[in-house]
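Everything below concerns the one structure shown next.
The values are calculated or read from the model by the stated rules, or taken from the named source; none is laboratory data. Note that this is a predicted model, so its numbers are computed, not measured. Cβ sites come from the backbone with ideal geometry, for glycine too, and all protein chains shown count toward neighbours. For accessibility, only protein heavy atoms count, side chains too; no ligands or nucleic acids. Shrake-Rupley method; radii C 1.70, N 1.55, O 1.52, S 1.80 Å.
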Amino acid sequence: MEILFVIFIVVSSYFILIKCSYNRCRSSFAKSCKHLMTFLSCREKSPLDSQASYLAVDVRALIVTAHPDDECMFFAPIILGLVEMKIPVHILCLSKGNFYNQGSYRQEELYESCDVLGLPASNICILDRKELPDTPKVEWNTSLTSSLILKHITEHSINMVLTFDGKGVSGHANHTAIYKAVSYLAFAGKLPDDCRVLSLLTVCMLRKYLSFLDVPISWLLPSQLCCIIGSQGYQQAKRAMLCHRTQLLWFRHLYILFSRYMLVNTFNVIPQEPKHVKIY
């Protein structure tokens, strides 16, 4: 009986911690974004430690993905959070997802998904380059990939880029190729002076499928930007994912139910240090 009581106390305490983490993250998300924007104009200060007053910097965000469905499978929380703040969000998808010759269908599904997420079609760009095929067997050229991303950044005056980290969440080669490209732009000093790049943190397999149980862990572990959505946001992200009808195999339904990326996004800033980098 005592063991059951202890288990009840532990479980209850953890659910209270989940609620507190969610409330604190929701209240601090906008503040964290403003700190990051302060960092745009004051690079010697940390985005989260700076005590300077917030600067009136207009945020123009770009989510760089590899395939249609990446935007809702991995980035739905940050997209919904930015849209709620009325921040313009652009999507640059570097392929049509034509691995199974379904590119034309997947392209339309991406537009439907973004509409559910609150993004206008005019903010969506889908590339179809033979040099960037949807396959993990081909390594995308870093020079080409970075030049396409940089072109989109300059054309749309983007000052916040969000994409995968070096592990690409799922380890897909196309995801990690994007990280290599944006890292090159950051490390080589190619980005506009006011532009910052953030990478989506890859978590271990256990945490990846903890769903809302990962909320306190994500909140407590260090990151430079944390976005957590509630049940309403989750339902919106789920509807966006269901737009990708060609991808709804049985395991994708399990992903929707259990993936923490449907609820939580944590990011770190990629440092921008001008260096002489050669691409071979």
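Applying the Karplus relation 6.51 cos²θ - 1.76 cosθ + 1.60 with θ = phi - 60° to region 138-154 yields 3J(HN,Hα) values of 10, 7, 5, 5, 5, 5, 5, 4, 5, 5, 5, 5, 4, 4, 5, 4, 6 Hz, where x marks Gly and Pro.
Per atom type, region 96-140 shows carbon and sulfur on 47% of its accessible surface, probed at 1.4 Å.
Summary of the geometry: region 193-260 and region 120-156, compared by the centres of their Cα atoms, lie 23 Å apart. Here the accessible area of region 162-213 is 62 percent carbon and sulfur, with a 1.4 angstrom probe and all protein chains present. The dipole here belongs to region 179-280: it is taken about the Cα centre, uses +1 on the Cβ of Lys and Arg and -1 on the Cβ of Asp and Glu, and is about 380 debye. Length gained on full extension, Leu127 to Asn268: 48.1 nm, using 0.36 nm per residue less the C-alpha separation.
With the simple model of a label 7 Å out from the Cα in the direction of the Cβ, Arg239 to His156 spans 2.2 nm. Applying 1/(1 + (r/R0)^6) with R0 = 22 Å to the Cβ-Cβ distance of Leu206 and Ile3 gives a FRET efficiency near 0.35.
Would you be so kind as to identify which of Ser147, Tyr184, Leu206 lies farthest towards the positive end of the dipole of region 130-240, taking Lys and Arg as +1 and Asp and Glu as -1 on Cβ and the Cα centre as origin? Of the options given, the answer is Leu206. The distance between label points at Arg252 and Val83 comes to 1.8 nm (points 7 Å beyond Cα on the Cα→Cβ vector).
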